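Student: Just dropping this structure here.
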Amino acid sequence: DPASSSSTQNSVVPELPGFYYDSEKNRYFRLLPGHNNYNPLTKESIQYKAMECKRVRLLEEEEKQKKKAPRAGLNSSMLLQKRQLGLLSSKSYCRMVHELKVNCMQRKKIEIHSPDSSVAGTNNFKIIVADVACERIFTVNDVEHGGCKYGIISLSGLGKESLTVEMYDNLYFTNRKVNSVCWASLTHPDSHVKLCLMGIAETPGCASLLPASLFSSTNPGDRPGMLCSFKISTAWSCAWCLNPQADNCFSTGLTRRVLVTNVVTGHRQTFGTSSDVLAQQFATQTPMLYNGCRSGEIFSIDVRQRSRKGQSWKAIRLFHDSAVTSIRLLEAEHYLMAADMAGKIKLWDLRTAKCVKQYKGHHNEYAVLPLHVNEEEGLLTAVGQDCYTRIWSLHDAHLLRTIPSPHPSSKDAIPSVVFSSRLGGSRGVPGLLMAVKQDLYHFSYN
């Protein structure tokens, strides 16, 4: 195989400073500094070209449906046979069926309809976040002249023959950059959306609570429920608390402190930290807030206690070697999944404070990228800074699938994804939703 021989040859070719080796032409070429506009031969452009070739090749393979089984010897007939012979528990069987299905998912573009026709498909998607039932998706879109626009997409149309969704845009708010966002359950599950907006010039940053009804077109004359805003400095992260012992509270992770605010009373608690808090999640069974920091530390706070100076209130403490960008508690709340800026994804046992699994292949250098844990399906999904979406088996950290982005990779084209076996609610369709640039795609199980 000439390709493999050239790659082995390439790996033993010594690297010369200021030169790069072209394996096709079997010789060295001089590299020029990146700012030289006349010669595009820079290390970055060579790497980018190689990455682009790989992405296009993988996309072509996906189109041709050249799928390898996620594991050696794993296919549907073998699974069924083992299940009938009683060699597989129903839980293992379901997990492996999901693994097979994830491997066969095919990409289809979704049509976005909007009552306000000027909205659909004009701005680049920055973030998409699904509510708990996966019936709606909150979207943050970048606007050309800076700042962000937000809207809610209803997924109820996904189950029909044609793949269409309704996008409801919000017209009330100014265009400021959204740093982080989460769903909030104030009057009923996922009744509101919590937004952290950047400050601009003289205006400080703020955390706003918006009723989801603000985005539906049913009663435009109806003034919606509770709308409130809290002035804060730049928030890197936010989380809503579902534990009744800290009712109606949300947290914001700021520069060197954590703020826990009660929406109804306005009461605030401040916890000083030694580093910026980039990721947060509340536990539901205990009134604990978990925080991931730029320093690589992960710690928990019992939010019932009074704010105190010093670090004495930290309960569990775990450490990564790099900035922690996302944390996810597993259902029983004995385990915590964390990702960092070195591309490491670790599963921690909170009872022993030890790392029990690592999920390899994720790519990150400086971006705050989320993790998506789907325990029922036994899957972990993450999009890397290289714009590839990777899906692992939660159970044994096996990488099941690597999905190339439909668009050339760049800083402003990192896909945002949602995975569920019930997109569009309890009778919804299984699959992965991917928002990238101005497009929304559905990777369907069929």
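The values are calculated or read from the model by the stated rules, or taken from the named source; none is laboratory data. Since the model is a prediction, treat every value here as computed from it, not as a measurement. Heads up, the Cβs are rebuilt from the backbone with ideal geometry, glycines too, and the neighbour counts pull from every protein chain shown. Accessible surface is based on the protein model in full, side chains and every heavy atom, while ligands, DNA and RNA are left aside. Shrake-Rupley method; radii C 1.70, N 1.55, O 1.52, S 1.80 Å.
Student: If you take the residues in segment 177-208 that are outside any strand (DSSP E or B) and within 13 Å of residue 235 (Cα to Cα), which one is least open to solvent (accessible area, probe 1.4 Å)? Give the derivation first.
Tutor: Of segment 177-208, the ones outside any strand (DSSP E or B) are 177, 185-191, 198-199, 201-202, 204-205.
With the extra rule that they be within 13 Å of residue 235 (Cα to Cα), the set shrinks to 177, 198-199, 204-205.
Details: 177: 85, 198: 63, 199: 33, 204: 58, 205: 5 Å².
Step by step, filter segment 177-208, then rank; the result is 205.
Student: Might you check whether a residue that is surrounded by fewer than 21 Cβ atoms within 10 Å (Cβ to Cβ), in contact (Cβ under 8 Å) with a residue 12 or more places away in the chain and under 21 Å from the mean Cα position of the chain (by Cα) occurs anywhere in segment 297-313?
Tutor: So far as segment 297-313 goes, yes, one or more of its residues are surrounded by fewer than 21 Cβ atoms within 10 Å (Cβ to Cβ), in contact (Cβ under 8 Å) with a residue 12 or more places away in the chain and under 21 Å from the mean Cα position of the chain (by Cα).
Student: Next question. Please enumerate the residues belonging to segment 274-284 that are modelled with pLDDT of 90 or more and either more than 24 Å from the chain's Cα centre (by Cα) or surrounded by 16 or more Cβ atoms within 10 Å (Cβ to Cβ) (or both). Please lay out each step first, then the result.
Tutor: Narrowing segment 274-284 to residues modelled with pLDDT of 90 or more: 275-284.
275, 276, 277, 278, 279, 280, 281, 282, 283 - these are the residues of segment 274-284 that are modelled with pLDDT of 90 or more and either more than 24 Å from the chain's Cα centre (by Cα) or surrounded by 16 or more Cβ atoms within 10 Å (Cβ to Cβ) (or both).
Student: Somewhere in segment 162-180, is a residue closer than 22 Å to residue 255 by Cα and at pLDDT 90 or above?
Tutor: Pass one, segment 162-180, residues closer than 22 Å to residue 255 by Cα: 176-180.
The next check asks that each one be at pLDDT 90 or above; those that pass are 180.
Yes, segment 162-180 contains a residue that is closer than 22 Å to residue 255 by Cα and at pLDDT 90 or above.
Student: Which condition number in (1) farther than 26 Å from residue 47 by Cβ; (2) not in a loop (DSSP other than H, G, I, E, B) is the one that residue 426 fails?
Tutor: Failing condition for residue 426: (2).
Student: Only one of (1) touching a residue at least 60 places away in the same chain (Cβ under 8 Å); (2) not in a strand (DSSP E or B) is not met by residue 367, so which one is it?
Tutor: (1)
Student: Now, a different point. Within the group 265, 270, which residue is part of a loop (DSSP other than H, G, I, E, B) and either within 20 Å of residue 250 (Cβ to Cβ) or more than 18 Å from the chain's Cα centre (by Cα) (or both)?
Tutor: Details: 270 fails: part of a loop (DSSP other than H, G, I, E, B).
That would be 265, the only listed residue that is part of a loop (DSSP other than H, G, I, E, B) and either within 20 Å of residue 250 (Cβ to Cβ) or more than 18 Å from the chain's Cα centre (by Cα) (or both).
Yes/no matrix, rows are residues, columns are (1) out of contact with any Pro (no Cβ under 8 Å at 6 or more places or on another chain); (2) open to solvent by 10 Å² or more (accessible area, probe 1.4 Å); (3) not small (Gly, Ala, Ser):
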{"site": "335", "(1), (2), (3)": "yes, yes, yes"}
{"site": "341", "(1), (2), (3)": "yes, yes, yes"}
{"site": "375", "(1), (2), (3)": "yes, yes, yes"}
{"site": "379", "(1), (2), (3)": "yes, no, yes"}
{"site": "413", "(1), (2), (3)": "yes, no, no"}
{"site": "428", "(1), (2), (3)": "yes, yes, no"}
{"site": "435", "(1), (2), (3)": "no, no, no"}
{"site": "443", "(1), (2), (3)": "yes, no, yes"}
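Student: Which ones in segment 343-361 are open to solvent by less than 20 Å² (accessible area, probe 1.4 Å), closer than 25 Å to residue 404 by Cβ and not hydrophobic (A, V, I, L, M, F, W, C)?
Tutor: Passing the criteria: 343, 359.
Student: Output the residue which, of all residues in segment 66-107 that are outside any helix (DSSP H, G or I), among the aliphatic types (A, V, I, L, M) and open to solvent by less than 50 Å² (accessible area, probe 1.4 Å), is modelled with the highest pLDDT. Write out each step before concluding.
Tutor: Kept after step one, since they are outside any helix (DSSP H, G or I), are these residues of segment 66-107: 66-75, 85-89, 105-107.
Then drop every residue that is not among the aliphatic types (A, V, I, L, M), which leaves 69, 72, 74, 85, 87-88, 105.
If we keep only those that are open to solvent by less than 50 Å² (accessible area, probe 1.4 Å) too, we end up with 74, 88, 105.
Working: 74: 75, 88: 82, 105: 90.
Checking each candidate, the answer is 105.
Student: Just wondering, is there one or more residues in segment 389-405 that are open to solvent by less than 60 Å² (accessible area, probe 1.4 Å), modelled with pLDDT of 95 or more and within 19 Å of residue 181 (Cα to Cα)?
Tutor: Within segment 389-405 (the criterion being open to solvent by less than 60 Å² (accessible area, probe 1.4 Å), modelled with pLDDT of 95 or more and within 19 Å of residue 181 (Cα to Cα)), the answer is no, since none of the residues qualifies.
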